[in-house]
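Trainee: Sending over a structure as structure tokens; questions will come in a sec.
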Amino acid sequence: MGNKIPNESEQQNHPLIQSTQSSQPQFQPNTISLFQQTCSESNKLWHIAAPSIFSRLTMFSITVVSQSFAGHLNDLDLAAISIACTLLISITFGFLLGMASALETLCGQAYGAGQNHMLGVYLQRSWVVLFLSSILLLPMFVFATPMLKFIGQPVEVAEQAGLVAIWLIPFHLSFPFQFTLQRFLQCQLKTAIIALVSGGALVIHVILSWVFVYKMRIGIVGIALTIDFSWWVSVLGMLCYTLFGGCSDSWTGFSVEAFVGLWEFFKLSLASGVMLALENFYYRLLLIMSGYMYNSDVAIDALSVCVTVYGWESMIPLGFLAATGVRVANELGAGNAKGAKFATMVSVVNTVLVGFIFWLIIVAFNEKLALIFTSSLSVIQMVHELSFLLAFTILLNCIQPVLSGVAVGSGRQAVVAYINIGSYYLVGIPFGFLLGWLLPSGIVGMWIGMMSGTVVQTLILAIITSRYDWEREVRKAQILVKDDETSNQ
């Protein structure tokens, strides 16, 4: 095998490889129009992105549904579950989700090179690395109450959020398996099962939430338990599909090869984890800052609504991040530099269009956003005032996930991690504190300042991506796949 490009008979068993390699002539301007090229690549992109977006939206909607139920109990419960999910869970969610993106690099390139058996090895290797990492993150949940008090959250909110955090530990422990199984399946274009399982888990969650909260009146603990159960339903669904015949080419059973090269896998995963964790947590810092402001209960509730809506919509760019990573990795693994470059450009166009649509939705329905979560007039009014900032934040954040996806597909996660640190935490946060102090509305000032960090990050990523040597990336991908194949023989 090595880095050999599959022959015709092999391509028949790998439709994606066939489409990417046989489509190389499409980049000749005299054969197929640019519009046809774009439509063809968009179809390939959406074939991965649509189920990925759907699964992310449905799984994220589990926490949104829970926040909605909690908000109609009382304001304290809404603030508690918002803090637990938006701060604590977002840190571990972003970190472990990022670590799992190493599979997009490795599995995507291996699949593009026709070495399907390596996908199962990479999956098991990721289980080991991510589960150990999730264990190391458990103190965040155990000591959530003192941590939240330390960063300035109100005492009642911190104590209630700490209670919720303890009951959300099973939710946290599902992440290593949820995220890795998703990437393992989507790299093989087995995306329908991901969407099916995720949709089923959401339906189960809505029913359980209604029973636990309104019928059994278990309250905030019941809400946390329904989140735990629903996420593990999704994990078990994908796991059963993988182990019992759904991936016969890529899953050949448990293997000791999973313990080979763990350190190299960990380094790539760690860079991915830092990259996405810093990005995922960035706007959540607004909630921490709001704890120091006057009328902080209303500020926390209003910001939690805005951040939840932002997080909900961000599942779409994250779906494009995943799809872009897979498409770029597949094309690089198949030796198609032009295909990888064109996939990047088409991904950017698609995600900008989607971002603009959601900008219009937020602007049009800005007065009704908070009604999903609360009936408090003061919270509804503050969300209305912040809705235009939310709309522009959503539009601004539609480009950089795709550019990060290019980095994932080419194995450059560490570079993006450094860019995120510099843009967000050396530019955005200091500028946010400055504007929060200077402008009459502290929240608006902080938010505008933090948006500047996103602008800087997007510009740097765009410059780096525009200067890619795609032929060099192809050679790197083929060397990586060949080395992994050799080390496991």
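Trainee: Is it true that Val354 is within 20 Å of the chain's Cα centre (by Cα), modelled with pLDDT under 85, in a helix (DSSP H, G or I) and of a type in the set (A, V, I, L, M, F, W, C)?
Mentor: Considered against the rule, which asks whether it is within 20 Å of the chain's Cα centre (by Cα), modelled with pLDDT under 85, in a helix (DSSP H, G or I) and of a type in the set (A, V, I, L, M, F, W, C), Val354 comes out as no.
Trainee: What are the residues in the range 110-161 that are of a type in the set (Ser, Thr, Tyr) and free of Cβ contacts under 8 Å to residues at least 12 places away in the same chain, if any?
Mentor: none
Trainee: Of all residues in the range 243-261, count the ones that are surrounded by fewer than 15 Cβ atoms within 10 Å (Cβ to Cβ) and assigned to a helix (DSSP H, G or I).
Mentor: 5
Trainee: Only one residue in Lys341, Lys368 is of a type in the set (D, E, K, R) and surrounded by 16 or more Cβ atoms within 10 Å (Cβ to Cβ), so which one is that?
Mentor: Lys341
Trainee: Looking at Gly453, Gly428, Gly422 in this structure, which one is modelled with pLDDT of 85 or more, in a helix (DSSP H, G or I) and open to solvent by 10 Å² or more (accessible area, probe 1.4 Å)?
Mentor: Gly422
Trainee: Somewhere in the range 154-165, is a residue over 27 Å from Ser304 (Cα atoms) and under 23 Å from the mean Cα position of the chain (by Cα)?
Mentor: no
Trainee: Of all residues in the range 306-336, count the ones that are among the small types (Gly, Ala, Ser) and open to solvent by 10 Å² or more (accessible area, probe 1.4 Å).
Mentor: 2
Trainee: Consider Gly162 carefully, then state whether it is over 18 Å from Val235 (Cβ atoms) and not in a helix (DSSP H, G or I).
Mentor: Criteria not met by Gly162.
Trainee: Would a scan of the range 182-190 turn up a residue that is in a helix (DSSP H, G or I), farther than 15 Å from Leu123 by Cβ and touching a residue at least 40 places away in the same chain (Cβ under 8 Å)?
Mentor: No, because not a single residue in the range 182-190 is in a helix (DSSP H, G or I), farther than 15 Å from Leu123 by Cβ and touching a residue at least 40 places away in the same chain (Cβ under 8 Å).
Trainee: Any idea how many residues of the range 262-284 are out of contact with any Ser or Thr (no Cβ under 9 Å at 6 or more places or on another chain) and open to solvent by 60 Å² or more (accessible area, probe 1.4 Å)?
Mentor: Going through the range 262-284 one residue at a time, the tally reaches 3.
Trainee: Further question on the same structure: Could you please tell me which pairs satisfy a Cβ distance under 9 Å, a separation of 6+ or placement on different chains, a first residue in the range 457-469 that is more than 22 Å from Tyr282 (Cα to Cα), and a second residue that is part of a helix (DSSP H, G or I) and open to solvent by 80 Å² or more (accessible area, probe 1.4 Å)?
Mentor: Tyr468/Lys341
Trainee: Just a yes or no: is a residue in the range 472-485 out of contact with any His (no Cβ under 6 Å at 6 or more places or on another chain), outside any helix (DSSP H, G or I), modelled with pLDDT under 80 and not small (Gly, Ala, Ser)?
Mentor: Looking through the range 472-485, none of the residues is out of contact with any His (no Cβ under 6 Å at 6 or more places or on another chain), outside any helix (DSSP H, G or I), modelled with pLDDT under 80 and not small (Gly, Ala, Ser).
Trainee: For the range 65-78: of the residues being modelled with pLDDT of 75 or more and of a type in the set (Gly, Ala, Ser), which is surrounded by the fewest Cβ atoms within 10 Å (Cβ to Cβ)?
Mentor: Here the answer is Ser68.
Trainee: Only one of Glu264, Glu279 is at pLDDT below 80 and acidic (Asp, Glu). Can you tell me which?
Mentor: Answer to the check: Glu279.
Trainee: Among the residues of the range 217-236, how many are in a helix (DSSP H, G or I), of a type outside the set (S, T, N, Q) and over 21 Å from Trp127 (Cα atoms)?
Mentor: Of the residues in the range 217-236, 7 are in a helix (DSSP H, G or I), of a type outside the set (S, T, N, Q) and over 21 Å from Trp127 (Cα atoms).
Trainee: Give me a count of the residues in the range 192-216 that are open to solvent by 60 Å² or more (accessible area, probe 1.4 Å), modelled with pLDDT under 90 and assigned to a helix (DSSP H, G or I).
Mentor: Selection size over the range 192-216: 4.
The values are calculated or read from the model by the stated rules, or taken from the named source; none is laboratory data. Remember, it's a predicted structure, so these values are computed and weren't measured experimentally. Virtual Cβ from ideal backbone geometry, glycine too; neighbours counted across all protein chains shown. Surface areas here come from the heavy atoms of the whole protein model, side chains and all, with no ligands, DNA or RNA. Shrake-Rupley method; radii C 1.70, N 1.55, O 1.52, S 1.80 Å.
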